[in-house]
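Below is one structure, written out as structure tokens; the observations come after it.
The values are calculated or read from the model by the stated rules, or taken from the named source; none is laboratory data. These figures come from a predicted structure and were not determined experimentally. With ideal geometry, Cβ positions are generated from the backbone for all residues, glycine too; neighbour counts draw on all protein chains shown.
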Amino acid sequence: MDHTRWLDDDEQRTWRAFLTANRLLFERVERQLQNEARMPHAYYEILARLSEAPDRTLRMSRLADTSLSSRSRLSHAVARLEEAGWVERTTCETDRRGAWARLTDAGLAALERAAPGHVETVRSLLFDALTPQQVAALGEVADALVDHLTDRPVWPAESDAGCPEAG
């Protein structure tokens, strides 16, 4: 018995438009960051997350979880950011398996250099194409999808207190 809930014509059109818009937008954002800041979007996102955390520091496990990245992928990215002098990693005093990532002054400076071009790209490619009502609707749709797809926070405003969990 076939229980497939096929997409109707409107859903199919919406799905394909959503995929195309995502691919086009992220390809252009990625290209801008690579060309102007010499960093991939994933590195920019790590720097931005750390810049917004208290003391510019997050536990590696929290950084991986909130950036929706595997711990091994995040660890590799942080190693590259360490090589550039933009992030430093330290072990947790109370849990040797845990580690912290901290945005250095050089990393903050790199982020501050990259941010204007990145923001202008996002503004020109996304927000300038939409009315204020469409921006509000997009925010509602994005929030609904995030709520549906994950139960964990993706942009933490707080840091971990101490090192209570292994990470």
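Assess whether L68 counts as being at positive phi and modelled with pLDDT under 95. Write out each step before concluding.
Numbers: at positive phi: yes; modelled with pLDDT under 95: yes.
Spelling it out, L68 is indeed at positive phi and modelled with pLDDT under 95.
Answer yes or no as to whether A21 is closer than 26 Å to V146 by Cα and within 17 Å of the chain's Cα centre (by Cα). So A21 fails the test.
Here is a list: D143, D128. Which entry is closer than 23 Å to A17 by Cα, modelled with pLDDT under 95 and of a type in the set (D, E, K, R)? Give the derivation first.
Numbers: D128 fails: modelled with pLDDT under 95.
Result: D143 is the single residue among D143, D128 that is closer than 23 Å to A17 by Cα, modelled with pLDDT under 95 and of a type in the set (D, E, K, R).
Suppose we filter D55, D2 for residues that are of a type in the set (D, E), without any contact (Cβ under 8 Å) to a residue 60 or more places away in the chain and surrounded by fewer than 12 Cβ atoms within 10 Å (Cβ to Cβ); which single one remains? Every option except D2 fails the conditions. Close contacts from the stretch 63-90, counting a first residue that is surrounded by 13 or more Cβ atoms within 10 Å (Cβ to Cβ) and a second that is aromatic (F, W, Y) and part of a loop (DSSP other than H, G, I, E, B), with Cβ to Cβ under 8 Å and a gap of 6+ residues or different chains, come to T66/W155. Only a single item in (1) more than 26 Å from T150 (Cβ to Cβ); (2) at pLDDT 95 or above is not met by T94, and it is number (2). Taking each residue of the stretch 120-143 that is surrounded by 12 or more Cβ atoms within 10 Å (Cβ to Cβ) and looking for partners that are assigned to a loop (DSSP other than H, G, I, E, B) with beta-carbon atoms closer than 8 Å, six or more apart or interchain, yields L138/L130.
Regarding T94, is this residue in contact with a Cys (Cβ under 7 Å, 6 or more places away or on another chain) and among the hydroxyl-bearing types (S, T, Y)? Against the criterion (in contact with a Cys (Cβ under 7 Å, 6 or more places away or on another chain) and among the hydroxyl-bearing types (S, T, Y)), T94 qualifies.
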